[in-house]
1. Could you say whether any residue in the stretch 181-190 is part of a loop (DSSP other than H, G, I, E, B) and open to solvent by 20 Å² or more (accessible area, probe 1.4 Å)?
2. Before we move on, is LYS65 closer than 14 Å to ILE164 by Cβ and out of contact with any helix residue (DSSP H, G or I) (no Cβ under 6 Å at 6 or more places or on another chain)?
3. Mind listing whichever residues of the stretch 158-180 are in a strand (DSSP E or B) and surrounded by fewer than 18 Cβ atoms within 10 Å (Cβ to Cβ)?
4. Enumerate the strands (runs of 3 or more DSSP E) found wholly within the stretch 1-97, keeping only those where 1 or more residues are open to solvent by 50 Å² or more (accessible area, probe 1.4 Å) and out of contact with any Cys (no Cβ under 6 Å at 6 or more places or on another chain).
5. Sort out which residues of the stretch 64-109 are closer than 18 Å to ARG130 by Cβ, touching a Leu at 6+ places or on another chain (Cβ under 8 Å) and of a type in the set (A, V, I, L, M), and write them in order of number.
6. For residues in the stretch 104-156 being acidic (Asp, Glu) and outside any loop (DSSP other than H, G, I, E, B), which is most open to solvent (accessible area, probe 1.4 Å)?
7. List pairs: first residue in the stretch 142-154 and under 16 Å from PHE62 (Cβ atoms) and touching a residue at least 60 places away in the same chain (Cβ under 8 Å), second residue in a strand (DSSP E or B) and open to solvent by 50 Å² or more (accessible area, probe 1.4 Å) anywhere in the structure, Cβ distance under 7 angstrom, at least six positions apart or on different chains.
Amino acid sequence: MGNFAGESLYWIRKPENVVMEENRIEIHTQPGTDLWQRTYYGFQNDNAPVLQAETREKYFSFVVKTHFESKHRFDQCGIAIYLDSDNWLKASVEYENEEYQRLGSVVTNHGYSDWATTDIPASIKDMWYRLSRRESDYCIECSQDGVNFKQMRICHLWEGAEKISFGIYVCSPENSSFKAVFTDMEVTECKWEEHK
């Protein structure tokens, strides 16, 4: 438990433009990058950069603050668990237009993605996330101040019961690029309390 940047990190598709410091990671996205599998569009894209740490710990939480200068449709950055191209989850703010963007999450099990969202103002450029694990079940929360977290979703990863990889991701699915900054990264004891 401790600073995420102090973990043994590795890239799934390292981006061309990244600056890594002790507790700050700055990434400039590359055009045409995304994570999505099949559902609704029949579309598949599995080329977004993901920076991860591996763990067998069954109960923990991972917190990160994101700052994003997104300005083009579908620009996004956030948290991810990436097991393989058919099994992963992500949570982020996805830019839509000058009025609103979509705070949401995607869970992909056995090659099919879902997408759960809520619209938030386009003026929001910072978001905290907390990802918590209880065995093969996961809770994703968000916060605008890093103190008061609200539940986004609870989900199950069918292949997420043993060793997993978790961390951060960025992408720009269309022809765009933006700067994403990740700070205040921390791995703690599980903040998702047992249901009684």
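The values are calculated or read from the model by the stated rules, or taken from the named source; none is laboratory data. Since the model is a prediction, treat every value here as computed from it, not as a measurement. Reconstructed Cβ throughout: ideal geometry from the backbone, glycine too, with neighbour counts over all protein chains shown. Surface accessibility is based on the protein's heavy atoms, side chains included, excluding ligands, DNA and RNA. Shrake-Rupley method; radii C 1.70, N 1.55, O 1.52, S 1.80 Å.
1. yes
2. Numbers: closer than 14 Å to ILE164 by Cβ: no; out of contact with any helix residue (DSSP H, G or I) (no Cβ under 6 Å at 6 or more places or on another chain): yes.
So LYS65 does not fit the description; no.
3. Residues of the stretch 158-180 that are in a strand (DSSP E or B), as a first pass: 164-172, 179-180.
Listed by number, the list holds a single entry, LYS179.
4. Numbers: elements: 9-12, 17-21, 24-28, 35-37, 44-46, 50-55, 59-68, 76-84, 87-95.
Where strands (runs of 3 or more DSSP E) fall fully within the stretch 1-97 and carry at least 1 residues being open to solvent by 50 Å² or more (accessible area, probe 1.4 Å) and out of contact with any Cys (no Cβ under 6 Å at 6 or more places or on another chain), they are 9-12, 17-21, 24-28, 44-46, 50-55, 59-68, 76-84.
5. ILE79, ALA80, ILE81, LEU89, ALA91, VAL93, VAL106, VAL107
6. Filtering the stretch 104-156 down to residues acidic (Asp, Glu) leaves 114, 119, 126, 135, 137, 141, 145.
Now narrow it down to the ones that are outside any loop (DSSP other than H, G, I, E, B): 119, 126, 137, 141.
Working: ASP119: 88, ASP126: 55, ASP137: 60, GLU141: 24 Å².
In this case the residue turns out to be ASP119.
7. Every condition considered, the pairs that remain are GLY146/LYS65; GLY146/ASP184.
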